[in-house]
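Asker: This structure is in structure tokens; I'll ask about it shortly.
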Amino acid sequence: MIAINGQFTARKMTGQERFAFELLLEMDKIVRDFPLQLRLIIPRNAINIPMLHNIEIEKYGAAKGALWEQTYFAYYLFRHKAISLNLCSVMPILKPGFICIHDLSYKVNPTYFKTMYARISQVWHKLQYLLAWYFSPIIYTVSKYSKSQMVDIYCVDPQRIIVIGNGWEHFERVEEDCILKKIEPDLFTKPYFLCLGSLAPNKNINWVLEVAKIHPQYNFLIAGKSSLRAYGTDYNECDLPNVKFLGYISDGEIKFLMKNCKAFIFPSFFEGFGIPPLEALSVGAKIIVSNSSCLPEIFGNSAYYIDPNKICTDLDELLSKSVESGEMILQKYRFSIFARQVLESLDKNYV
């Protein structure tokens with residue numbers, strides 16, 4: 001039996017949680033085409049449980065975060081003689097299995113992790129990398145860029161690494177929510193640019209703030225998880241009148257903002273993939289992304305590119321250039337495609 005690590009169901013929906021949730025929905029649709037027994041194991045405090053019809057779901061144990069993963073889930077694997085499938089970069093250290101490592105940020109970007117909490121998290125994830133290299137039969141990742149880093153830094157056999165990716169189909173199910181226009185009308189007094197992501201250093205929020213200073217004719221809305229626990233910088237002290245930090249907002253609110261923004265901005269220094277620009281493309285928004293890490297690989301000629309280390313002095317001039325339609329990108333990156341790829345590889349490598 002392959003037991004799927006469901007610890008992600010007990011967390012808020014951000015990038016890796018979205019990946020795991022949506023990939024499982026698509027795997028569930030076609031799992032009967034394969035001679036595999038899959039079971040999703042989740043903690044009793046799960047808050048985002050996917051509606052599955054062919055993959056059994058079992059609640060087992062009650063503990064938070066890594067404690068559940070390393071105790072209850074690990075014990076379950078031993079008890080049932082199962083191998084694990086771990087979709088969010090972490091697996092039980094006593095019972096490694098198949099794993100998706102989304103990027104090597106904890107290894108290649110040590111300066112991003114300044115607080116004690118962040119450094120502990122860094123050590124923990126670097127341990128997970130080593131476990132994967134030594135013990136995982138297959139390692140999944142979400143871009144060729146991440147795969148090349150794994151091969152170059154850790155000398156992993158490239159045959160063991162399977163590149164899958166992310167998708168955008170979930171956005172079709174999301175109903176737009178324009179509540180922000182009603183409760184915060186000041187956000188919409190000017191055309192606006194939208195940025196979505198955490199306040200982690202790799203997200204390069206400072207780029208948005210600097211650009212906002214020289215574009216007072218536009219508002220700049222920054223949405224996403226605003227916890228400062230791991231990053232040590234309080235961006236909420238920003239006093240620019242045309243910059244608004246929205247915090248964590250619903251998918252419906254995000255979709256509304258994406259559909260109506262002048263452009264979606266994603267100025268990251270480093271990404272393993274980058275789901276938000278894909279979501280923005282799916283609703284017809286223009287996307288401005290950095291020319292670093294995996295982003296040119298993912299978005300090809302469908303994006304407006306910026307250097308994340310240089311401030312763009314004229315966004316209007318940038319957006320006056322022509323780019324290709326995002327349709328080819330949307331066809332290439334779909335969870336339904338990658339779900340079949342994962343199941344085929346499990347069928348081939350699970351004994």
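Every read-out reported here was derived from the displayed coordinates using simple, explicitly stated rules and does not represent laboratory data. None of these values were measured; they are calculated from a predicted model. Note that we place each Cβ from the backbone using ideal geometry, even for glycine, and neighbour counts take in every protein chain shown.
Asker: Quick one: divide the alpha-carbon radius of gyration of region 137-293 by 2.2 N^0.38 Å and tell me what you get.
Answerer: Here the Cα radius of gyration is 1.15 times the empirical estimate.
Asker: Can you sort 112, 154 by how many other beta carbons sit within 10 Å, fewest first?
Answerer: The most exposed by this proxy come first: 154, 112.
Asker: Quick one: what do you get for region 1-103 if you divide its Cα Rg by 2.2 N^0.38 Å?
Answerer: That works out to 0.97 for region 1-103.
Asker: Please give the net charge around residue 192, taking every other residue with its beta carbon less than 13 angstrom from that of residue 192, where Lys and Arg add +1 and Asp and Glu add -1.
Answerer: After counting each charged neighbour, the total is +4.
Asker: Shifting gears a bit: Please list log₁₀ I(q)/I(0) at q = 0.16, 0.18, 0.19, 0.22 Å⁻¹ for region 67-202, using the Debye equation with identical point scatterers on the alpha-carbon positions.
Answerer: -0.95, -1.07, -1.13, -1.31
Asker: Any chance you could list the semi-axes, whole Å, largest first, of the equivalent ellipsoid that the Cα gyration tensor gives for region 228-351, using √(5λ)?
Answerer: 29, 20, 16
Asker: Near residue 69, within a Cβ-to-Cβ distance under 13 Å, what is the net charge of the other residues, with Lys and Arg +1 and Asp and Glu -1?
Answerer: So the environment of residue 69 carries a net charge of +3.
Asker: From the square roots a ≥ b ≥ c of the eigenvalues of the alpha-carbon gyration tensor of region 169-225, which class results: rounded (a/c under 1.5), prolate (a/b over b/c), or oblate?
Answerer: Cα axes put region 169-225 in the oblate bin.
Asker: Quick check on my link table: of 182/259; 12/262; 225/255; 255/310, which ones sit more than 19 Å apart, alpha carbon to alpha carbon?
Answerer: Pairs exceeding 19 Å: 12/262; 255/310.
Asker: Points 7 angstrom from Cα along the Cβ direction at residue 213 and residue 117: gap in nanometres?
Answerer: 2.9 nm
Asker: With +1 on each Lys and Arg Cβ and -1 on each Asp and Glu Cβ, how big is the dipole of the chain about its Cα centre, in debye rounded to the nearest 20?
Answerer: The calculated dipole for the chain is roughly 980 debye.
Asker: How big is Rg to Rh over the chain, alpha-carbon atoms, Rh as the Kirkwood inverse-mean-distance radius?
Answerer: The Rg/Rh ratio comes out at 0.97.
Asker: Continuing with the same structure: Can you give the local net charge around residue 3? Use residues other than it whose beta-carbon is closer than 14 angstrom to its beta-carbon, Lys and Arg +1, Asp and Glu -1.
Answerer: Its environment carries a net charge of +2.
Asker: Quick check on the chain: helices-only [θ] at 222 nm, where DSSP H runs of length 4 and up contribute -39,500 (n - 2.57) each and the sum goes over total residues. Nearest 500, please.
Answerer: -10000 deg cm²/dmol
Asker: Any lysines with Cα under 20 Å of the residue 81 Cα? List them, leaving off those in the same chain fewer than 8 positions away.
Answerer: 59, 95, 348
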